[in-house]
Amino acid sequence: MGVLAGAEPFGHTGSAEIGFLLCHGFTGTPASMRAWGDHLAGAGFTVRCPLLPGHGTRWPDLNRTTWEDWYGTVREALLELLSACKTVFVGGLSMGGTLTLRLAEEFGDRIAGIVLVNPSVTRLKWDTRLLPVLGRIVPSVPAIANDIKKPGETELAYPRTPVRAAASLAKLWAVVRADLGKVTQPVLLLHSSVDHVVEPVNSQLVLKGVSSTDVTEVVLENSYHVATQDNDAEVIFSRSVEFAKAHAAQPEETA
């Protein structure tokens with residue numbers, strides 16, 4: 001089976017001054033990031049949003065991948081942007097935020113800043129500890145997708161949550177939490193006041209764990225988890241452009 005219609009990766013080639021990498025969430029697709037990417041492109045930025053391995057086809061495909069596969073894909077896209085643009089930013093939703101944090105931990109000041117929307121770094125529910133065992137018995141559990149407050153808006157994502165892949169995501173959380181202190185870039189963190197997927201402790205852990213001195217926290221009062229498709233989407237989009245312009249490298253003066 002091929003990639004679902006609407007789930008394709010996308011990109012916009014704009015200015016070589018500012019590049020922006022977008023990372024979608026677990027079981028989701030670039031469709032949740034497309035309006036964000038269009039807005040960034042409208043500001044003149046070069047934008048890339050890859051489709052993560054195992055996503056955008058059938059949910060069993062995701063159980064055949066691991067967090068290293070997902071990370072390898074966004075890492076490759078980042079390297080491409082770094083070679084093409086003077087200043088590069090990374091933004092992500094949910095697990096896309098987790099991957100964004102990992103990129104920030106590895107690449108340091110080569111990334112000019114990161115934008116996190118409802119990022120995940122842990123899950124407090126008791127069954128999280130059982131994921132490795134559960135994954136050998138049950139291939140999937142009910143979906144986490146489509147947590148959107150806005151009427152008529154639907155997330156293009158899997159109808160089931162693949163358990164083995166979820167166990168790998170939990171491993172990524174542990175890796176990212178252990179290295180949060182390596183995050184020193186400016187951070188724009190936007191999180192929903194009501195989120196039925198990612199618990200509030202996640203944003204708290206990020207805010208306490210990063211070493212960044214330039215951190216801006218924005219509470220999204222009228223959105224659920226998939227905030228990039230919800231009522232506060234324009235807040236995310238406009239604040240991202242402002243953030244990038246404020247932290248972009250200044251053009252060199254000519255003599």
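The values are calculated or read from the model by the stated rules, or taken from the named source; none is laboratory data. Bear in mind the structure is a predicted one, so any value in this text is a computation, not a measurement. Cβ coordinates were reconstructed from backbone atoms using ideal geometry, including for glycine residues, and neighbour counts include every protein chain displayed. The protein model used for the area step is the full one, side chains on, heavy atoms only, and it has no ligands, DNA or RNA in it. Shrake-Rupley method; radii C 1.70, N 1.55, O 1.52, S 1.80 Å.
Here are the numbers:
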item: Selected residue [surrounded by fewer than 19 Cβ atoms within 10 Å (Cβ to Cβ) and not basic (K, R)] from A104, A41, A77; result: A41
item: Yes/no for L156 being open to solvent by 50 Å² or more (accessible area, probe 1.4 Å) and closer than 23 Å to A41 by Cβ; result: yes
item: Cβ pairs under 7 Å, 6+ apart, first in the stretch 169-193 and under 24 Å from I148 (Cα atoms), second assigned to a strand (DSSP E or B) and acidic (D, E); result: L189/E217
item: Filter result (surrounded by 18 or more Cβ atoms within 10 Å (Cβ to Cβ), assigned to a loop (DSSP other than H, G, I, E, B) and of a type outside the set (A, V, I, L, M)) within the stretch 213-230; result: S223, Y224, H225, D230
item: Number of the condition not met by G28 [criteria: (1) open to solvent by less than 10 Å² (accessible area, probe 1.4 Å); (2) under 25 Å from A246 (Cβ atoms)]; result: (2)
item: The stretch 44-98, residues that are of a type in the set (A, V, I, L, M, F, W, C) and over 16 Å from the mean Cα position of the chain (by Cα); result: F45, W59, L62, L79, L81, L82, A84, C85
item: Helices (runs of 4 or more DSSP H) (entirely within the stretch 29-128) containing at least 3 residues that are at pLDDT 95 or above and acidic (D, E); result: 67-84
item: Verdict on T29 being among the hydroxyl-bearing types (S, T, Y), under 14 Å from G96 (Cβ atoms) and out of contact with any strand residue (DSSP E or B) (no Cβ under 7 Å at 6 or more places or on another chain); result: yes
